[in-house]
1. How would you order 141-148, 36-43, 100-107 from highest to lowest mean count of nearby Cβ atoms within 10 Å?
2. So what are the ³J(HN,Hα) numbers for region 92-103, from phi and the Karplus equation (6.51, -1.76, 1.60; θ = phi - 60°), rounded to whole Hz, Gly and Pro as x?
3. Tell me the label-point distance for the pair Gln89, Trp105, using the 7 Å Cα-to-Cβ offset, in nm and rounded to one decimal.
4. Taking 7 Å along the Cα-to-C-beta vector as the label spot, tell me the Leu42-Val150 distance in nanometres, rounded to one decimal.
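Derivation of every value follows stated rules applied to the coordinates shown; laboratory data play no part. Here the structure is a predicted model, which is why all the values come from computation and not from measurement. Using ideal geometry, Cβ is built from the backbone for each residue, glycine included, and neighbour counts are taken over all protein chains shown.
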Amino acid sequence: MGAAIGQILGMAVGVAISPVPIIATILMLFSNRAKSNSVAFLAGWIVGLVAVATIVLLIEFEGSDGTSDVTGWIKVVIGVLFLLLAVKQWRNRPHDGEEPPMPAWMASIDDFTAAKSFGLAALLSGVNPKNLAIFTRQFSVMIDAGLPLVQCLEILGSQEEDANFAATILQ
């Protein structure tokens, strides 16, 4: 169990330093439709996290008996996708002295409807590649170490910085 905790601590730091959801939340609270958008944002955030947690659980259960290579192949595919994304971002980076443009979603957040707020939150929470990879890796390490499912979820929930995600995991 000590080895599993050691492998997880570094990944927990990666989740804790993610500024994008914090920026989106602040911008959402200062938007023209702050009340409806913030409620929709919260609902979308929870739906995205539940979807990711469900997919990860299904994948880990399928490979938890040691007879399936599905988990390993999924990690390889995610790794390749990260490499392709890195190459794309490297090629599209601003040149020296050039100011990077503001992301389109950030510039238009004042005009968001509740539906767009919901969708943005679901994407930021569920499709965030860094959080997805870190959560999947942490869960996989603990399952491979032989920890019971409930204990894995309790550990992940207790170390999660995002209160909504922690509440979702611990339910």
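1. 36-43, 141-148, 100-107
2. These are the phi-based 3J(HN,Hα) values: 9, 5, x, 6, 4, x, 8, 7, x, x, 6, x Hz.
3. The answer from the label model is 1.4 nm.
4. About 2.9 nm separates the two model spin labels.
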